[in-house]
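The values are calculated or read from the model by the stated rules, or taken from the named source; none is laboratory data. All values reported here derive from a predicted model rather than from experimental measurement. Every residue, glycine among them, receives a Cβ derived from its backbone with ideal geometry; neighbour counts consider all protein chains shown.
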Amino acid sequence: MDRSGKMRASYIPDRRLVLLGAAGVALVLAQLNFFEWFCGFSAHYEALQLDELLTTALVLTSAGAWLSYHDARQLRHAVAEVQSLKEQADAAARLDILTGLPNRRALEDFASKHDPRLNGSDLTVLISDLNHFKQVNDTHGHRAGDIVLREIGARFRAVQSDHDDLLIVRFGGDEFACVIRHQQGDDLAERVAQRLEAAARRPIHLGSDLDVELSVSIGVACVRQGASIDDALAEADAAMYAAKRDGGRGLLPVSEIAPFQGAAGSWRRRLLERHVERPLAGNGPNVFAAALRIDRYNAVRATIGHSHSNQLVRELTERLAGCADEIVIDRMSPDTIGIAFEARTEDEALEFLEQLRAGAEGSVAVGGHVVDVTITFGYAGPAALAELRAVAEQAQIALDQALASHRRSACFCEVEYGDPSDRLTMMSEMRAALANGEIMLAYQPKVRLQDNSIDAAEALIRWEHPVRGRIAPDDFVQIAEETGDIREMTEWVLQQAIKDQMLMARCGSDLPVYVNVSGRLIGDESFTKRLLEMIGGANGRIGIEITETAVIDNPEIAMSNLRLLADAGVRVSIDDYGAGMSSLNYLKQLPVQELKIDRQFITHLAESHRDPLIVRSTIDLAHGLGMEVTAEGVESESSRALLRVMGCDLIQGFLITPALPILSFLQFCRDHRKAEATAPQDRFERAADFWLLSSAMTS
């Protein structure tokens, strides 16, 4: 059998091979004078009647050979029949019985074989949905619905047969998908969309002089360079949904359809269009907007599939629309729904949104799956109707604020968001601060648990503003990432860390220094080359720390850059492990030497009964992958004792010392060495350690 479990007929001996083998054996025996020797031997031992024995053996051998050939022939035919049946079964598994079109599995196979590096050709995807099909089912029964789908399938198959570079599949229900390969600049996608619309509009005979006329809503998206077909399907589905909400208007000319990007501008524009169709009263500044996001949408889509996840969003939209008549609603992005409504106060708006959420959340049955849906929302207002576009943008920002702070809802906070012009001013001030000394580096040591020695230091940026006071790194680093100033700031940190590390070495504390590098820079090849140039003379004493999600945006480029750093001897550490979306797949591929467990698992290590289990398993995992482990945020002796028993290599935190300016850090290192030289060796009783670990895990 091969790896797929199929028995190969080529393994069964062929008659020609048997004859050739026999002839070969005969030639070899003839060259060896075997038959003359055997005749002499037979004559010498005539009394043994070897001629009769030889005849019997030949007869039995011939009979066995014939039986083997007969069985082999039957087996070959049986295998061929099994393979034929399997091919038929595979073809049937990729075919929708009702419509005769390929099904979603066929599309998934096509997508898995899709090469994003197309030579001179484009891929365009269409999602179509029959308008009023549910009404046909409810009015005339499911048999009538089957007739409609069977006829639509026949018409779409006719369209598909006219084009070699066209795949039309039934997604499920009354939804169809179409993938078109065409030359760049060709209008084949638009012509196919027009034919699909025309095919759906022709009357369908249901019997007893009853005809129905349907229409189709179509969304179109192009498969962008390097993107997947699934991404384009999500964009096309959103465009189709927008077309359906526009009163069921079917075809939108492809030349006028911009690929759906999930951008706020498009759904804010559509909210304004919905207001024209279903106007708000606009009596005073009482208009609110909200953005409602389906939690865990990506995980749900991966489980139930693209088509069913889109049905889930439509079901939730219908639920929301059924909860209140006085709202304007539209799909904002694949996982988010935008609404506009009126309320007298902010409290009334929040109460109304909580009622909407209560009505929308719960179990939703989709395609044989039951999904438990929860929603996170952000909202903004009140504002005048003329400001709906602006307040809709603020609602999206409020949703981001809710997600960032792990809240289930949030109202737009202008103070938290800040003034965009002020953010730009801060970046201008930051560039000046790098030059005039307002920004400095502080160093926090990493202590090895085995012998309590200082093993390395992490460089942390600090900014003492003359007017604003101390600015938290999270505030200005995030703005620097958004404005593109993060590279200039990181290069300054590297230059200063190299100078400080040389000073450490001259003062007797030759420690490796680790610098935090933004995930946005890990995928930048020019920055990687610049980094290697800067630390080339540091003799491996400068390392970098990255977050576990740094490679998600551009995994191939980021992995390649990290390998360049590793090959050059630069030590790489994974920072804040466990704080983001941990991926074991990335973890096993990353060329890193150290894993740092996030402080959220360390702070309450001695009081929690779950954190010790997570930390211990993480330590074992990292050691199994050849990494050292550092625990961040260690603030108590009990946490240090537990970490030592668990096998953690290094600790870092306020228990040792906060981050210190370079001169204070050097003094700390000198004091620490003296204290370690005069203090008795710290020895742990294994029984006490075991009791401490056991009590923490069972408490």
message = So, Asn310, is that one under 23 Å from Glu235 (Cβ atoms) and in contact with a helix residue (DSSP H, G or I) (Cβ under 7 Å, 6 or more places away or on another chain) or not?
response = yes
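Conditions tested, residue by residue: (1) modelled with pLDDT under 80; (2) acidic (Asp, Glu).
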residue: Glu151; (1), (2): no, yes
residue: Leu166; (1), (2): no, no
residue: Gln184; (1), (2): yes, no
residue: Gly207; (1), (2): yes, no
task = List the number of the failed condition for Phe527; all other conditions in (1) touching a residue at least 40 places away in the same chain (Cβ under 8 Å); (2) surrounded by fewer than 21 Cβ atoms within 10 Å (Cβ to Cβ); (3) over 24 Å from Ser428 (Cβ atoms) hold.
result = (3)
key: Every pair of residues 6+ apart whose Cβ atoms lie under 7 Å, when the first sits in the stretch 158-175 and is among the aromatic types (Phe, Trp, Tyr) while the second is crowded, with 18+ Cβ neighbours inside 10 Å and modelled with pLDDT of 85 or more   = Phe171/Ala177
message = Quick check on Ala227: is it more than 19 Å from Pro102 (Cβ to Cβ), modelled with pLDDT of 80 or more and not in a helix (DSSP H, G or I)?
response = no
ask   = Of (1) surrounded by fewer than 22 Cβ atoms within 10 Å (Cβ to Cβ); (2) more than 33 Å from the chain's Cα centre (by Cα), Glu190 satisfies all except one. Which?
value = (2)
request  = Considering only the stretch 288-302, state which residues are touching a residue at least 40 places away in the same chain (Cβ under 8 Å) and touching a helix residue (DSSP H, G or I) at 6+ places or on another chain (Cβ under 9 Å).
outcome  = Phe288, Ala289, Ala290, Ala291, Leu292, Arg293, Ile294, Val300
remark   = Residues of the stretch 462-503 being in a strand (DSSP E or B) and within 16 Å of Gly543 (Cβ to Cβ), in sequence order, are none
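For every residue, the table says whether it meets (1) of a type in the set (Lys, Arg); (2) within 22 Å of the chain's Cα centre (by Cα); (3) under 30 Å from Gln667 (Cα atoms).
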residue: Glu556; (1), (2), (3): no, yes, no
residue: Asn561; (1), (2), (3): no, yes, no
residue: Leu587; (1), (2), (3): no, yes, no
residue: Leu590; (1), (2), (3): no, yes, no
residue: Ala606; (1), (2), (3): no, no, no
residue: Arg644; (1), (2), (3): yes, no, yes
residue: Thr657; (1), (2), (3): no, no, yes
ask   = Are there any pairs, at least 6 apart or on different chains, whose C-beta atoms fall under 7 Å, with the first in the stretch 533-557 and exposed (fewer than 15 other Cβ atoms within 10 Å of the Cβ) and the second in a loop (DSSP other than H, G, I, E, B) and at pLDDT 85 or above, and if so, which?
value = Gly540/Gly569
query = Taking the stretch 353-377, which residues are surrounded by fewer than 16 Cβ atoms within 10 Å (Cβ to Cβ), among the polar types (S, T, N, Q) and in contact (Cβ under 8 Å) with a residue 60 or more places away in the chain?
reply = Thr374
request  = Being part of a loop (DSSP other than H, G, I, E, B) and touching a strand residue (DSSP E or B) at 6+ places or on another chain (Cβ under 8 Å) is the filter; apply it to the stretch 507-537 and report the residue that is nearest to Leu590 (Cα to Cα).
outcome  = Val517
task = Report yes if some residue within the stretch 164-177 is in contact with a Lys or Arg (Cβ under 6 Å, 6 or more places away or on another chain), surrounded by fewer than 17 Cβ atoms within 10 Å (Cβ to Cβ) and of a type outside the set (Val, Ile, Thr); otherwise report no.
result = yes
inquiry  = Residues that are in contact with a Leu (Cβ under 7 Å, 6 or more places away or on another chain), at least 3 per element: which helices (runs of 4 or more DSSP H) completely within the stretch 559-648 meet that?
reply    = 611-624, 637-646
Matching strands (runs of 3 or more DSSP E) fully within the stretch 288-379 where at least 1 residues are within 21 Å of the chain's Cα centre (by Cα) and modelled with pLDDT under 80 = 328-333
